[in-house]
Every structure is written in structure tokens, then in C-alpha cells.
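The values are calculated or read from the model by the stated rules, or taken from the named source; none is laboratory data. Bear in mind that the values here come from a model prediction, so they are computed numbers and not experimental data. Because the Cβ atoms are built from the backbone with ideal geometry, glycine has one as well, and the counts that use them run over all protein chains shown. When the accessible area is computed, the model is the full protein with side chains, heavy atoms only, and any ligands, DNA or RNA have been set aside. Shrake-Rupley method; radii C 1.70, N 1.55, O 1.52, S 1.80 Å.
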Amino acid sequence: TNPIFEIPPGGSITIASFYGQTPHIMDVPVISRRLTQIGFVQYKHSRARELIQQITSAVDTKTSSPLFNAHIQQMFLDNSLRGGVPILLGEVDDQAYMKNADEDARLKVYYLFSRNHGDLERDQNDFQIQPTFFSQSAVNYRDVIQNRRSDVIFNPRIGSSNVRMFLSFIQADGYEPLSVEASVFSIPDKSICLNIATQAVGHADGVRAQRELLTEFLSSGPFRPGNLFQTIEDHHIELMMTRKDFIHEVAAASTMTPNANFEEGYWGDHWIYYMDMIEAYLSIYPDGEFSMLFEHNLPYFYSPASVQPRSKKYVLEMSAGGGNRRVRQYNATIMDEEKQEIRSKYIRSTRNQQYVVEGNWQHDKNGNIFKSTTFVKIFLLVTLKFTTRDPFGMGIEYEAGRSGWNEGMNGLPRMMGSGMSEAYELYMLMEYLQKATKQYNHAVEVPQELDDIINAIIAAMDPLENEMRNMADDSTLDTTVPEHLFRYWDAVSTARETYREKTKLHFSGATKMYLPSFIDTILGRWMKHLKLGHARALALGYKGNDDSNDNLSPTYFAYEITKWESTGEQTEEGHDLVIALEAKVSLLPLFLEGPTRLMKSMDMEGAKDIYNKIRDSELNDKDLGMYTISGSLDKMSLSFGPATASTPGWMEHQSVWMHASYKLYLELLRKGMVDEFYNELVSGGMLPFMKAGYGRSLIQCSSFITSSAFEDPSVRGRGFLARLSGSTAEFLSMWALMMIGPHPFFVNPDTREAEMKLIPSIPIWFFPDDGKLSFIMFGAIDVTYHNELGKDLYNIEPTRYQVGLRDGSTHDIDGSSIPSDLAGKIRRVVFVDYVQVYFSNNNR
């Protein structure tokens, strides 16, 4: 019978619920008895807290604000739940334990806990986690690349593994798969598998069946650690070593391969997070740049879908009222039967499941997985994005059917929309490649197909530049695309479509050597055109409520095809397919992301000018002291997406979208506007210093905050839809800049070795009364700042250090930097216990 509880007035009871699954119904009574044992609930609650503390201790910070200290840990936890927690497998000896994943091939970086954020308002963000050891779930590409971008700062031993993994997912067509899944392990050499199995269970005849089963499992194809341990449990295999030692042995002998899945659609912004990830890596390993760019060969992911050419996706339809005909972009990406057949060959070919993994990667015509260096993959990416600029040469087209992270504007692709945020990131990627080309003067081999499209771009650019030299500047532009710009757009778009047709099934395998001088020249030429596009965007502006233009960058454009001709073909629904002959641009309202991304590409003076204009714009919610995702969208067509149907101040319509505003705050720190950053912090723009009315814990983010535009005053300033979000990634980048500065490691130009210098950005009021602020660096090293100057530590170099090693020895260093030998030990983490950093007027 069910127990009956009597609760007296003022009393309470606590009900604990457990959820789980078991493959066998007969296990349920056993599980039930275990759950109902006295003390079990308290034990599991305590264990959960221990696990959280174990994760968040990596950023334990002691400032004068206990609330801020707790906020840091909460943000790290939320970031870890979506991005995952990296661990290193393969630590089979002391040598492996003291190296990073780039230095020792036996080390494998594997992620735990990673999953989608599971917000209830969007069904596509659900998640499933397999009930296995080392469990994780598939994660959307944009989410996981953001949440993992700073992981090398918190765990330097992972090295360039994330850079290599994510850039491997770049496809030949310039897009990426949607879903990033757990990496897989394989050991094709059966003798190695037998040796591991023998170490694990022994030589005795009595364990022969277990030894053979383990050998067969390890050698039969890709597996994950969770599957391995589940097999061990299911077959009651008794290990003679600890499970920890066993998985280290397996990982050290394995090849680990990244894994992903196309799922659906190609998003227009997945690639714009690469520069953040590269910069994070270089902040820790500035001396590893050459190796990262030129010594690692990466494959190209091979999805079963293709982006259609314009002639197959520009559709003529009647307007909603039925009075006018208009051109829209539909079915931009389709599942491709030829590509599916190519993939299926690797899945069906042989018993060895290794071929399933091979089916994820593009091959050449000889059947070999085609690879390029990191530099070449980025170069291929920027080339394709350069050909994807809109007819005015301003934004990057959403030509594959999906826009960016702002799902409230998901109608942009059908409106032939483009994004300036992507254009600014493209410029920064090109700028980075040009800098690396000048610095290393290294020739590279590019795919022959890439050389073909570059020649086509040059052929289209030559007459364009000749015409532009004979024309007036763009200051008097109207919204009609000039003939010379439209002609160039059509030519490079055709070149892109030709390239994609050539590489749809495979690369030829042929390559072309590019000298640094050519790369430098072509990148410089393209960057000039990008700058011209930026200037046109600022000249055309955006459509505000009062039709004003304060020279803030637009974020989005849409295009109307004003003249077309039929291809003679129709869609399955009976609509004519057309070819565009003329176009004009439509101006859209002001959004926060465009100006923020432009700030990222500017120097401090330019960024400060943009920031001041944002503060003077309709994006500044002065009552809340925050910034909204957009201005008013009331005058926009509903065709642009659900944001236009939302009440102002709610969801993606003029609310405070925390991720977007946190990007702005991060740029203030990046550009050295430290006073402005802390003014925004303490005025209530950021957690945990927000004003009363947030309505939930001040240490955890929400998706959005209702702005002053919302119709109900009682709800303004309240956070809604707590979820794992990109805000955590932006905040952790802020924390790193605050605590250790943008370049904790640098290459000494005289010795060419990496040294260390900690230059924080911390105000005096963040220091406790004793002038000592402490935090955990690199997940394990206790760092204490001694502020003997008694003032803000903004761009101030230390005067001395004391480094304590785990062997009990201490090292005192006078001066602002730590020499290479000790810097190397700090970067390897395992040798160092603490670092005391002193800021004073005298060395000692």
C-alpha cells in the first residue's frame, strides 16, 4: 500500500525522484531496493555536489565579491554541460603524463558530459545521453565550438586538438555538418589488440574466452570507451588492472577519429567562430603556430547533402496577396543521391567497420582520403566565402538555406539575405592568413580545384577593377545593384557552382604549389574588396524607425530580384525556376551583432567610436542599463522569421539577448576599454550585478531579458528561459582576459622561446581588504596577485614572481616575465603548485 504522510501546519516533507533505465525488467526490484535504502538519497545528493565541485574547482576565484566568485563557477559548469569537459586518455607512463596532446601521439583528448542545451521552447534542441561510461551526447556545431573555444586556456595539455578537429569538419563546399558527436577509437592491428587483452585479463586458459572477446571487440572497428566498458560489464569480464589503467592502455594504442553527422541544413555562421578558437590556442602556444598551420594534414568532412546552384533554387512565386510575382530562394540544400551512394560504398564494403568512419571523409579519385594542411583548409574556406558575397559585395549570402544563430530571423535565406557579421569575420580570417604568410614565408599545396576557382575569381575581378577605376565612389549609392557589381557577382557565383560540381563526389587528387608572394598578393587584393563592401554597407545603412543613419553597421540585408528569365524548368510544386538578371537591396532594422562584430575587427579608437554610437542608438535600453538584440521590428514583413511576430521586448524582438550583449562586453575588454567594461558591469548590464527584477538566481544566465520595450512594466528586466547558452563562452573569455590577460605566453624575439607574462585587468575594488586576489589557473595552479600598488591593475606588468613546484622547490623571478624553462613547466601544469605575482614599486 502507498504510505500516507501527514504534514502538520508549517511542516514539510522532501520527495526524492530517481529516473533511469535498465535493459532487463528483472533488474528493477534490485534497483528499487537499493534506491530505498536509508541514506542512499543523501549519498547521491552528496556525490552530485562533489562532482560539481570537482568540475568547477578549475576556476575557483576569490575576489571581494562572493557572488561574483559563485557566478564564475556556475558559468563554467553550464559551459561544461554543453561543451563538455576534456580529459586526456593514454597516460600510460610518466612521459605521457608530462606532455600535451600535440607532443605525444598516444594522448587522446576525449570529452565528457557534452550535450545540446535542451531548452523547452525549441524542440530541435532536445538531447539524448546514452547510459554508458564516458557518456556524452551529440551537440549542434555552433554550440559546441563556442563552448570549447577556450578549453585550451583551462587545460593547456589538450594543445591544438580542438583546432584540428573542428577544421577537419570543413567540407569541400565550405560548409560543416550540424551535429558533432563523440570521437571514435580504432586499433586495426589485431596483434596489438591481443596484447592489450592479455594484459587486461591474463594468460590463463580459464580466461581465454574473455581474452578473445576483448581482442575481437577492439579489432573489429570503431568503438567508444563507453561501448567498451559496457561490453566488459555485459560479459562479466574481470580485469586484472584498474579500469583507469585499462582505458589509458587502449587509448594509447588507438587512432582517434572525430565524428559528426549532417543531420539537416548548412548554417551560414558555423565558420565564424574559428578565429576565436585559434586565438585562444595561440594565447597559450604562440610557439606552436607554425606546426598548427603547416604540419598537420586534415581531411574534409563528406556530408550526403549538396548546395543547389541558383538555377535550381531561385523560384518564381506569387506574393501573399496574389497581386505580384516575386523570386524567392527555396530548397537551397538537398540530399544528394550520388553522394549518398558514395558514402554507402564505404558502409557496405567489408566487415571491418573502419569503413563506416572512412565514409565520413572526402576521397580523391584514387580512393584515398584527401587531406590539406590547416592553412590550406582555412584558405579554401575564405576563398569560397569570398565568392559568396552578396551582389553589392557587402554581406555573405545565406545561400545554403540557413542563416545564423538568430533563429528569429530564419526567413532571411528565402529572402536572399546576407550577413555583415560573417563579412567582418571573413576579413579577420584573411588578415590572419596574410600575417602568417608574411611571417613564415611558407609555400603550400592547394587542391587543383581550388586553383581553378581562384583563377576564375581573378578573371572576374580584373574587369571589375578596371570599371571601378573609371567610376565615382560609392557615396551616392542607391539600393539598385550597379551593373558592374551584378556582373561580377554572377561570374564568381557561377565559378563557385562549377567548383562545387567538380568536388561534389571527390577531389581529383592533383595539387598546385602556391608561393607565399602569390598568397600575400591575392589576399591583399581580396581584403581591399571586402573593405569596399564594408564601406558600401555603412553608406547604405539600415532602416530605423526615423529612417536615420548614424553610421552604425547593418547586420542583415535582403535582396529583391527585379528582373529575371525562366530556365524552362519548374519545381515539384509547379513553380518556375529562374535566373536573376537584376537586383536591388532591401534595408533592414538595426541589430546589435553587426556593430559588435565590426568592433572586433577595429583598433581601440575605431571600436570606441562604434561603442559610443551603440550607446546613443535605440539599442541602448537606458532604463535597464542593457543592450537589446535589435531595434523595433514592427515594420518588417512576417516572412523574415518569428522575431517579427513576437511582441517587442520578447524573444528575438528587441529583448536583451544575453549572448549578444555579452559579445559586446567582451569586445570592450579585448579592445582595452577596461573602464567602460567595468562601468557596464557595475551598472547592471551583466550578472551578477543586475538590478532587482531579474527574477532568478543572479549567478545563472537566461536566454533573454525582457526589455523596456515590453508592454507589461512589471515584467521588464526579468530573465526568461534559463538554459546553457553562448553567454557562458563569452563570459569565460572575459574571465581569462580579466585574470591572465590576452597573451599570457609570448615568444621572446631574441631567444625565440616561449616566456610567460601575466597582465590582468582587475579593478582595485575587486581585491579583498588584504590586497590579495587568488584564482586557479589552467585548472590546477593556485595563482595569487599581490596588489601592493593599491590601485587598478589595468595593463600593469608584474614586478616579480615566486613559482612553487610540486617537488617543494621555489623559484623567485625579478622582472615582468617568467623565463622559458619555468614557463614551460607552468604550461605543462603537472609540475607547478602555485604562482605568487607581485605588483609593487620595487622588485623586493
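Just add up the charged neighbours of residue 297: K/R +1, D/E -1, any other residue whose Cβ is under 12 Å from the Cβ of residue 297.
Here the count lands on +1.
In segment 653-714, what GluC sites (Glu not before Pro) fall in a loop by DSSP, with at most 15 other Cβ atoms inside 10 Å?
Those satisfying the criteria are 711.
Loop only per DSSP, at most 13 neighbouring Cβ atoms within 10 Å: give me the trypsin sites (Lys or Arg not before Pro) in segment 86-184, ordered by residue number.
The qualifying sites: there are none.
Rg and Dmax in Å for the chain, alpha carbons only: what are they?
Cα-based Rg and Dmax for the chain come out at 28.3, 92 Å.
Counting only other residues whose beta carbon sits under 11 Å from that of residue 104, what net charge do I get with K and R as +1, D and E as -1?
Details: positive: 99, 106, 108, 157; negative: 91, 93, 102, 103.
Once all neighbours under 11 Å are counted, the net charge is 0.
Calculate for the chain the 222 nm mean residue ellipticity that helices alone would give, adding -39,500 (n - 2.57) per DSSP H run of length 4 or more and normalising by residue count, nearest 500 deg cm²/dmol.
Result for the chain, helices only: -11500 deg cm²/dmol.
Please give the solvent-accessible surface of residue 675 in Å², to the nearest 10, using a probe radius of 1.4 Å with every protein chain present.
Roughly 90 Å² of residue 675 is accessible to a 1.4 Å probe.
What trypsin sites (Lys or Arg not before Pro) does segment 541-634 have in DSSP loop regions with at most 12 other beta carbons within 10 Å?
Taking segment 541-634 and a limit of 12 other Cβ atoms within 10 Å, the loop trypsin sites (Lys or Arg not before Pro) found are 622.
How much solvent-accessible surface does residue 598 expose, in Å² to the nearest 10, with a 1.4 Å probe and all protein chains in place?
20
Accessible area, 1.4 Å probe, largest first: how do 45, 203, 270 sort? List each step's numbers first, then the result.
On the way: 45 105, 203 150, 270 0 Å².
Sorted descending by solvent-accessible area, the residues read 203, 45, 270.
Given a cut-off of 16 Å, what percent of all Cα-Cα pairs of segment 589-657 lie beyond it?
That fraction is 49 percent.
Give the dimensionless ratio obtained when the Cα radius of gyration of segment 342-494 is divided by 2.2 N^0.38 Å.
Values: Rg = 19.5 Å, N = 153, 2.2 N^0.38 = 14.9 Å.
Dividing the Cα radius of gyration by 2.2 N^0.38 Å gives 1.31.
Out of residues 5 or more away from residue 630 or on other chains, whose amide H comes under 5 Å of its own, with H placed 1.01 Å from N in the peptide plane?
So residue 630 has HN proximity to 592, 654, 655.
Show me the helices of the chain, taken as full DSSP H stretches, that run 15 Å or more along their long axis by Cα and average 0.0 or above in Kyte-Doolittle hydropathy.
Counting only whole DSSP H runs, the qualifying helices are 190-201, 274-284, 374-386, 516-540, 658-670, 726-739.
Suppose R0 equals 25 Å; then what is the FRET efficiency for residue 782 and residue 64 from their Cβ-Cβ distance, rounded to the nearest 0.05?
0.85
Can you list the residues, at least 5 places off or on another chain, whose amide H is less than 5 Å from the amide H of residue 792, using H built in the peptide plane?
Counting only residues 5 or more places away or on other chains, the set is 764.
Using every alpha carbon pair in segment 477-550, what percent of pairs falls into each 5 Å bin from 0 up to the bin containing the largest distance?
Calculated P(r), rounded to whole percents: 3, 11, 11, 17, 17, 15, 10, 7, 5, 2, 1, 0.
Heavy atoms of the protein only, probe of 1.4 Å, neighbouring chains included. What is the accessible area of residue 205 in Å², nearest 10?
Per-residue accessible area (residue 205): approximately 140 Å².
Leaving out same-chain residues fewer than 8 places away, which aspartates and glutamates sit with a Cα under 16 Å from that of residue 531?
Once the sequence-local aspartates and glutamates are set aside, what remains near residue 531 is 390, 422, 425, 431, 465, 473, 474, 603.
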